[in-house]
Amino acid sequence: MSSLKSASGAAQSPVEGQDPPGPATPRRSILVQFITAVISFVIVAIPATLGGLFFLDPILRKKKAAAGGSADELAKKDETGFIRLDITREAVPDDGTPVAITIMDDIVDAWNRFENVPAGSIWLRKVGDGPILVFNSICPHLGCSVDFRGAQNDFFCPCHTSSFTLDGKKSNDIPPRDMDALEVSMRTKGVDDPNGNEIWVRYQKFRSGTAEKISV
């Protein structure tokens, strides 16, 4: 008898030389695979893109400045970390009275970037034509803020009664070291000039509670 059956019977045997047809892939399975691929791409691509932008940001800023950014943007902070203060040398009292200044800087916290926000505070002073002295206002004892006492003519920490002379030297045994002096650069239009009127400060914070001055 022939292996072929009538149209009313079972399916006919495969034609010689051809493979039997496999089961068709359901459309739903293809859709699920497509959606899974898209989600996987997004999960990988977004963090990679954000990370790339984070590390490229300094380079992009330099290119923008070279291409002709605003004068304020170019002169606010340089590549070595010095920040231009909003106060000039001539505005600092000649009699040695300290002046409190808030440091404005860009702060990066994880994926967030906060531009031109308070990053800390400093004390400035000068005597006559002498150099500008700059001290971090954080007490090196336990990290409180140091105040200026006009009546005693000194710096004083109200938290644990640490005290310092106006030159930043500790005047009692409570603080482990003197006040933290910061690097200063005098400039004219951003160019180093000992007689310049612009005050640039390299703002840093240091570990409290130690005799050694350790940057953090």
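Below, the figures for the structure above:
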quantity	calculated
Residue match in segment 171-180 (condition: in the same structural domain as Ile103 (by TED's automatic domain parsing), not in a loop (DSSP other than H, G, I, E, B) and not charged (D, E, K, R))	no
Test: residue in segment 173-194 that is touching a residue at least 40 places away in the same chain (Cβ under 8 Å) and more than 21 Å from Arg89 (Cα to Cα)	yes
Residues being over 22 Å from Gly196 (Cα atoms) and either of a type in the set (A, V, I, L, M) or at pLDDT 95 or above (or both) - total across segment 92-119	5
Boolean, Ile107 is among the β-branched types (Val, Ile, Thr) and touching a Gly at 6+ places or on another chain (Cβ under 6 Å)	no
Residue match in segment 142-159 (condition: among the hydroxyl-bearing types (Ser, Thr, Tyr) and either in a loop (DSSP other than H, G, I, E, B) or at pLDDT below 95 (or both))	no
Residue in segment 181-216 that is nearest to Cys159 (Cα to Cα), counting only those that are acidic (Asp, Glu), surrounded by fewer than 16 Cβ atoms within 10 Å (Cβ to Cβ) and assigned by TED's automatic domain parsing to the domain that holds Val92	Glu183
Verdict on Ile138 being buried (at least 17 other Cβ atoms within 10 Å of the Cβ) and among the β-branched types (Val, Ile, Thr)	yes
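The values are calculated or read from the model by the stated rules, or taken from the named source; none is laboratory data. Note that the coordinates shown come from a computational prediction; the quantities given were computed from them, not determined experimentally. Cβ: placed from backbone, ideal geometry, glycine included. Neighbour counts: every protein chain shown.
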